[in-house]
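The values are calculated or read from the model by the stated rules, or taken from the named source; none is laboratory data. The structure presented is a predicted model; accordingly, all values stated were derived computationally and were not measured. Quick reminder, even Gly has a Cβ in these numbers, built from the backbone with ideal geometry, and neighbours come from all protein chains shown.
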Amino acid sequence: MSDDLVRTEWRLRVMYGCTIVVAGSFGLGNLLAPAWAEKTFSLPPQDPIVFSTAASVYLAFAVLSALGMRAPLKFAPVLLLQLVYKAIWLVGGALPMLVAGTYPDYALLNLGIFIAFIVGDLWALPFGHLFKRAGVAQEKVDAVGMSPRG
């Protein structure tokens with residue numbers, strides 16, 4: 001295994017571990033004890049359907065990240081999805097409130113966590129691997145006349 005692959009898999013595992021701990025505890029805590037979570041984090045009253053749906057999604061990220069610990073490259077799209085939704089939320093949700101001065105104090109921790117995960121996912125994700133064309137390797141083999149297809 002090359003040093004680059006070892007380093008990439010290590011970075012992915014770091015982010016999977018962070019996701020397991022943060023998203024897993026948030027998801028599980030909010031599913032099992034939503035009133036405690038509201039009180040602990042000084043949240044306003046939440047719609048139970050929206051709250052439990054969000055908690056379920058976070059828990060799903062944690063479960064898929066646990067699988068990613070075993071096969072880091074195979075599950076990298078999980079972290080890509082995490083990066084994309086957090087970046088969309090930051091630009092489309094948090095930023096307008098921050099600019100308008102209406103971002104709630106109780107959500108500053110959430111903002112910090114999301115920014116940390118965006119930075120971490122950008123650091124860990126192997127974008128070249130994720131966006132390579134599937135047929136590139138076969139095309140190279142075909143170009144040098146070594147294809148078993150003929």
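Just to be sure, is Phe51 touching a residue at least 40 places away in the same chain (Cβ under 8 Å) and either more than 30 Å from Arg7 (Cβ to Cβ) or out of contact with any Ser or Thr (no Cβ under 7 Å at 6 or more places or on another chain) (or both)? Outline the logic, then answer.
On the way: touching a residue at least 40 places away in the same chain (Cβ under 8 Å): no; either more than 30 Å from Arg7 (Cβ to Cβ) or out of contact with any Ser or Thr (no Cβ under 7 Å at 6 or more places or on another chain) (or both): yes.
Criteria not met by Phe51.
Let's see how each residue does on (1) small (Gly, Ala, Ser); (2) in contact with a Ser or Thr (Cβ under 8 Å, 6 or more places away or on another chain); (3) closer than 14 Å to Thr19 by Cβ; (4) at pLDDT below 95:
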position: Leu81; (1), (2), (3), (4): no, no, yes, no
position: Gly93; (1), (2), (3), (4): yes, no, no, no
position: Leu109; (1), (2), (3), (4): no, no, no, yes
position: Ile118; (1), (2), (3), (4): no, no, yes, no
position: Asp121; (1), (2), (3), (4): no, no, yes, no
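Just name the residue that is modelled with the highest pLDDT out of those in region 1-21 that are among the charged types (D, E, K, R) and surrounded by fewer than 16 Cβ atoms within 10 Å (Cβ to Cβ). Step by step, filter region 1-21, then rank; the result is Arg7. Every condition in (1) hydrophobic (A, V, I, L, M, F, W, C); (2) without any contact (Cβ under 8 Å) to a residue 12 or more places away in the chain; (3) closer than 24 Å to Leu130 by Cα holds for Leu73 except the one numbered (2). Cβ-Cβ below 6 Å, separation at least six or inter-chain, first residue in region 109-130 and surrounded by 12 or more Cβ atoms within 10 Å (Cβ to Cβ), second hydroxyl-bearing (Ser, Thr, Tyr): which pairs? Note: pairs meeting the criteria are Pro126/Thr8.
So how many residues does region 64-102 have that are assigned to a loop (DSSP other than H, G, I, E, B) and crowded, with 16+ Cβ neighbours inside 10 Å?
Taking region 64-102 as the starting set, the residues that turn out to be assigned to a loop (DSSP other than H, G, I, E, B) are 71-75, 101-102.
From what is left, the residues that are crowded, with 16+ Cβ neighbours inside 10 Å are 72, 75.
Count: 2.
Considering only residues that are in contact with a Phe, Trp or Tyr (Cβ under 7 Å, 6 or more places away or on another chain) and surrounded by fewer than 17 Cβ atoms within 10 Å (Cβ to Cβ), which ones fall in region 22-42? Answer for region 22-42, where residues must be in contact with a Phe, Trp or Tyr (Cβ under 7 Å, 6 or more places away or on another chain) and surrounded by fewer than 17 Cβ atoms within 10 Å (Cβ to Cβ): Pro34, Phe41, Ser42.
Note on region 1-45: residues that are under 25 Å from Leu83 (Cα atoms) and in a loop (DSSP other than H, G, I, E, B) total 2.
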